[in-house]
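Heads up, the thing below is written out as structure tokens.
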Amino acid sequence: MKQLWRLLGLACVLGPAWLAPADIIVNYGLDGGGTNQDPLNGLAARATFALAGTHLSVLLEDTSTGVPASFDTADSLLVSVGLNLPGGVYIVGGNSAVIGPGSHGLGSWSSRVAGDSVAEQWLWTNDFGGDLMEAYAQVISTSSGQGGGTVTRFDGQNGTVGGPFGGIAADPPWRSIPDNQPAVGDSILFELTLSDTLSAAQLGAAANASIVEYGSDARYLLVPEPAGLLLAALGLCASRARRSFSRA
């Protein structure tokens, strides 16, 4: 904690240059509920959000060091990420969904490698998620049970997706992927177009309040509270700057 506050102090000293837009990386490890109530046993995920103008990249990774004891293969797959973009900003296009750097296909996707499309099994929506994701407006998922309105596949075609299969496993997977089912180990990169630009602070707030889902409602993970400490510190820096300016 002391080291974190030293870094935050450095942020205040460096000021706006330090606060320039950058990748926002969040780690999911806080239990958010679900139908499975076993100990998490190392279940974890990570997302990297990067913004350039209205272009948003989301690298979603399964970083699990284990899974709950009673998880089956479908439960062990990372299948959704949900977030709330601020004030009137929404997704207008899902440009691509490809296997992430250093990752590869599993099961029936075993011939696919990094950069290959998996767009036929992933969708996006601005109409909120299903089950415990109902509070999240923007959802990327390999599960068809999302929202109450329009969902769009990343390949632009009609039809459902096969979730939880098509989801993301750890590499190597903690549960064996059947040869006739698709999965990815251990990351997928999504490229989207937004309706408007976001500030670094807005993107950070949305990322730190986001959620991921494993299986079909099996388990949800949130970002632990300390991840939001940085955002509070940014407000503290701004407050100090205003006080310094008023004294000048």
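Only the coordinates and a few stated rules stand behind these numbers; no lab work does. Predicted model, so just to flag it, every value in this text is computed and none were measured. Every residue, glycine among them, receives a Cβ derived from its backbone with ideal geometry; neighbour counts consider all protein chains shown.
Worth a mention:
- Kirkwood hydrodynamic radius of segment 16-119, Cα pairs, Å: 16.2 Å
- Note on Val113, Val161: ascending count of other Cβ atoms within 10 Å places them as Val113, Val161, the fewest first.
- By the beta-carbon count within 10 Å of each Cβ, the least crowded to most crowded order of Ser76, Ser110, fewest first, is Ser110, Ser76.
- Counting beta carbons within 10 Å around each of Thr142, Thr54, Thr65 and listing the fewest first gives the order Thr65, Thr54, Thr142.
- Glu225-Glu134 FRET efficiency (beta carbon distance; Förster radius 35 Å; 0.05 resolution): 0.95
- Using the Cβ-Cβ distance between Ala201 and Thr65 with R0 set to 30 Å, the FRET efficiency works out to roughly 0.40.
- At R0 = 41 Å, FRET efficiency that the Cβ-Cβ distance of Thr193 and Asp72 yields, to 0.05: 0.70
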